[in-house]
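Trainee: I'd like to ask you about the structure that follows.
Derivation of every value follows stated rules applied to the coordinates shown; laboratory data play no part. In this text, all values refer to a predicted model and were calculated from it rather than measured experimentally. Heads up, the Cβs are rebuilt from the backbone with ideal geometry, glycines too, and the neighbour counts pull from every protein chain shown.
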Amino acid sequence: MKEEAAQGIPARKPQSWKGIYVAAGLLLLAVMLVLSLLAAQLMQELTRLRSASTDNVQWSMAQVQVELLVLETAVDDAIHNNTPQALDEVRQRFDIFYSRIDTLQQGSVFSGVTQETRARQVLDHLMDALNRFIPIIDGSDEALSAALPVLDDAFVAMRADVRAISLTGVRLLAEQSDRDRQAFSSVLLRTGLVAAGVMAAMFLALFLAVWQFKIARTRTEDLQTQNLLYESAINASLEAIIVSDEAGRILDFNPAAEQLFGYKREHAIGVSAEKLIIPKEDLQLHRERRVQFLEQFRGGEANLSGRLEINAMRANGEVFPAEVSVGLTRRGEGRIIVTYMRDISERKRAQENLTQARDDAVATAKAKSDFLAVMSHEMRTPLNGVMGLLDMLSETRLTRKQRDYVETAISSGEILQNHIDDVLNITRIEAGVTRLNPVRFEVAPLLTELKKMNDPAAQRRGNTIVTDIAEGARFCDQDRHGLRQVLINLVGNAVKFTEKGTITLEAAPWGDDGWIEFSVSDTGIGVSREDAKRIFEDFVMLDPSYKRTAPGSGLGLGISRRLVDLMGGEIGVESEPGQGSRFFLRLPPLEVSAQKPVEPERAETVIPDLEQANLSVLLVEDNETNRFVAREMLRKHGCRITEAHDGIEGVEKAAGERFDVIFMDVSMPRLDGIGATQAIREGDGLSRHTPIIGLTAHALPDERRRLEEAGMVDCIVKPLRSAKVRDVIGALLLQRSASDDTSFDTDVDDDDTGLIDHETLAELTEALPPELFERQLERFRAELAESKERFCGGSDQVVNLDELAAGAHKMAGSAAVFGAVALRAALLDVESAAKHGAREEVAPLCETASETAQKTLRALSDLTA
């Protein structure tokens, strides 16, 4: 105790423990006393019961003597009073005595008596005698009456045997009772000892039970608390929870499941889940999944969590989609399946709606693109003819009034083209095709360029344009082309809505992260706050009435907003009605590649003299108007033109002659321009390497990429303008000049340069035997010698245009065989003019063809000499 106190352990109270021990001892003593008293009482009771049993046996054996005496009395009465009643009494008493003897002989209670030899012999003798009397007893009354004296003597003789049996039984049973009492006392003593041990064990067990009870009660309370929590969680769960065994019988069914499926819990318990919630058409699939799941997780616990979708069925037969999550746990030898289900009908409908909305949006976008493609083609095709003819008309001799008309028409056509381009620009941006090309450039040249572009329109309205660049905004890292387009729209609007005022273009740093703010301020009519909120939407025109004076489609600011968003900036307006407006855009710096230098100012490109180039051009175009416009523009630039009316004809002509350039319409019957270009590039014709320029009215976002993939080097979007055609051909000439390509040789004189394709002629020389080659060459020379007569006839002869076209075509074929490219081009011009009935053009073309034939003849003579 002292050591425990010294170690800081509290000392136990000895009196308290002693009291516990005394109480336990007294309790044990009391239990033992009670047990002893109970044992004594038990022994007394057993003794009494055992004695009662033995007395019963002795009584039964003594009763045999009584029954024999009663039988003798009944027989004696029957002898003296021979009546049927007396005889029946004899029979009854005989049966009773007989049963007593039979009981002694057969009964297990009397086995101790019957096991002795003498007693068994006596009983056998008595039974034999009684068996002999049975026929008499069971016989008629007369026979029984006659045998009564005999029966009486026999029964009297049995008295000694019956008495001997009774005495023997009493003796044997007494001996057996003594032995049984001694054995039972010994057993009872041992039982008492065992009982004492049992009581001690029970006391210990009681102590342990009390201790375990306390632990179990604590655990039970915890378990009950957990069960209540789990039950509350399950009952409060919004998901249906179904607990079943491996066979699919439902063990539990929470309220959410009741609400989901329409079954009460008491009705669902014990029923197969397949019958309640699985549609008939899905039963086989459900069983296969269940077997697969159980086989997969044959071991311990497993969880197959979510996103497994099945079809489930309500009580009313309605089938709905459900999402299922399954858990598996073991219970004894079996396993329990816990299934979590939720109705995903709303989600499915939402997904279907989203899918439908997406499909509708895709269809709408496709319809929009198709519509724009068709409208672009349908508008640009006639616009091409109008603008091209107006361009050519403006270059002819006109009166002042006629020139004003032409310029007004060209201006109107350009406005229409700008509207079309605005719509297609929006399509390009929304389609994500527009890509930024960030470069570092100087801001001052850009603003100066914008000022020069808009000065004429501003001056017509009495406006002045000024520029102002703040320190720190001299350079900008952005997409110059996109910024330029936005500022063009803003400055154009400022000019349109300002009269006799000032328009200011400013650039200044904005913030500390390298952002630059560009602004266009004017002193015009201004914008109200309500209109400022929607001014950057598409097709918004603040004065949509018929009397409005400012032209436009309402798309400029919408395009500007999209471009600014693409550049990562923001655009807005500050304005008050009558006080002018200030449009601003704030742009962040974009990452510029290290290889990209500061963009230099664009120098004027020197276009070569196209008329001196004398280019051979293949024009593939199905529309007569467009073909006429393109032909006239190309002829004005000194080109020699060969025409093809569709793609198939274009491929054939490109294969038979090497052209300097091919103009290919994209939309044509039989074979379109893309297919024709691919056929030319993949074939082995003479023009397979010739540059091909696309002519298209489809200005969709991916059009240029498709044309380039087909093999075109450039593309002109209709309407054709003379300046566009000149720029494209000039660019090709510059490229050829830079690469020292001699295909565009501009010196055409009396030698064979530009007249003979040496490669074609060499191939023909190698392919034909010398004699045959010479004969064919002489024949061709003969045709050339009489060329003028063959082409146009005599001076006083009326020319038949059909025959002229056929002859020119035939001779052009011969010229192509011998590589006479210049002559072939001239002949094809004659053929084209004759086919189209241009009789006034036939004579000069025939003269040109005749001169070219003579030059070709001399060149061939020099080459073959």
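Trainee: If I stretch the segment between Asp727 and His689 completely, what's the gain in nm (0.36 nm per residue apart, minus their alpha carbon distance), one decimal?
Mentor: 11.6 nm
Trainee: How do Val90, Val592 rank when sorted from fewest to most other Cβ atoms within 10 Å of their own Cβ?
Mentor: By the 10 Å Cβ count, ascending, the order reads Val592, Val90.
Trainee: Let me ask you something else. Apply the Karplus curve 6.51 cos²θ - 1.76 cosθ + 1.60, θ = phi - 60°, to the phi angles in segment 228-233 and return the couplings in whole Hz, x for Gly and Pro.
Mentor: After applying 6.51 cos²θ - 1.76 cosθ + 1.60, I find 5, 5, 5, 5, 5, 5 Hz.
Trainee: Here's something else I'd like to know. Full-extension gain between Ala363 and Val156, please, as 0.36 nm times their residue separation minus the C-alpha to C-alpha distance.
Mentor: 61.5 nm
Trainee: For a quick check: with amide H placed at 1.01 Å from N, whose amide H comes under 5 Å from Val661's, ignoring anything fewer than 5 positions away on the same chain?
Mentor: Ser616, Leu618
Trainee: So, in Å, what gap is there between the alpha-carbon centers of segment 119-183 and segment 631-679?
Mentor: So the separation of the two Cα centres works out to 148 Å.
Trainee: If you take the beta carbon distance between Val70 and Arg132 as r and set R0 to 30 Å, what does 1/(1 + (r/R0)^6) give as a FRET efficiency, to the nearest 0.05?
Mentor: Step by step, r from the Cβ atoms, then E = 0.90.
Trainee: Still on this structure: Using Cα-Cα distances under 8 Å and only pairs 6 or more residues apart, what relative contact order does segment 437-587 have, in percent?
Mentor: Values: 284 pairs, mean separation 35.5, N = 151.
This gives 23 percent for segment 437-587.
Trainee: My understanding is that a pair violates if its Cα-Cα distance is over 30 Å; which of Lys653/Lys724; Lys653/Lys855; Lys724/Lys810; Lys451/Lys636 do that in this structure?
Mentor: Going by Cα-Cα distance, Lys724/Lys810; Lys451/Lys636 fall outside the 30 Å limit.
Trainee: Highest first, please rank the peptides 715-727, 351-363 by the mean number of other Cβ atoms sitting within 10 Å of their residues.
Mentor: Details: 715-727: 20.1, 351-363: 10.2.
Going by the mean number of other Cβ atoms within 10 Å, highest first, we get 715-727, 351-363.
Trainee: What are the residues whose amide H is under 5 Å from the amide H of Ala644, where those residues sit 5 or more places off or on another chain and H is modelled from the backbone?
Mentor: Leu619, Val620, Glu621
Trainee: Now for a different question. For segment 249-254, in order, what is each residue's ³J(HN,Hα) by Karplus, 6.51 cos²θ - 1.76 cosθ + 1.60 with θ = phi - 60°, in whole Hz (x at glycine and Pro)?
Mentor: 6, 6, 9, 8, 8, 7
Trainee: Next question, about the same structure. Could the peptides 400-409, 250-259, 620-629 be put in order, highest first, of the mean number of other beta-carbon atoms found within 10 Å of their residues?
Mentor: Highest to lowest by the protection proxy: 620-629, 250-259, 400-409.
Trainee: Next up: Counting only residues 5 or more places away or on other chains, whose amide H sits under 5 Å from the amide H of Phe441 once H atoms are built in the peptide plane?
Mentor: Counting only residues 5 or more places away or on other chains, the set is Cys476, Gln478, Glu599.
Trainee: If each residue of separation counts as 0.36 nm, what is the full-extension length gain between Ala762 and Ala782 once their alpha-carbon separation is subtracted?
Mentor: Full extension of this stretch gives 5.1 nm more.
Trainee: So how do 658-668, 209-219 stack up, highest first, on mean other-Cβ count within 10 Å? Spell out each step's value before the answer.
Mentor: On the way: 658-668: 24.7, 209-219: 10.5.
Order by mean packing, descending: 658-668, 209-219.
Trainee: Per residue of segment 580-589, what does 6.51 cos²θ - 1.76 cosθ + 1.60 with θ = phi - 60° give for ³J(HN,Hα)? Whole Hz please, x for Gly and Pro, Karplus curve as stated.
Mentor: Residue by residue, segment 580-589 yields x, 9, 10, 8, 10, 9, 10, 10, x, x Hz.
Trainee: Between Arg484 and Lys835, what FRET efficiency follows from the Cβ-Cβ distance if R0 is 60 Å, with the result rounded to 0.05?
Mentor: Efficiency for this residue pair is about 0.80.
Trainee: Treat each spin label as a single point 7 Å out from the Cα along the C-beta direction, and report the Thr355 to Lys636 distance in nm.
Mentor: Distance between the two pseudo-spin positions: 5.8 nm.
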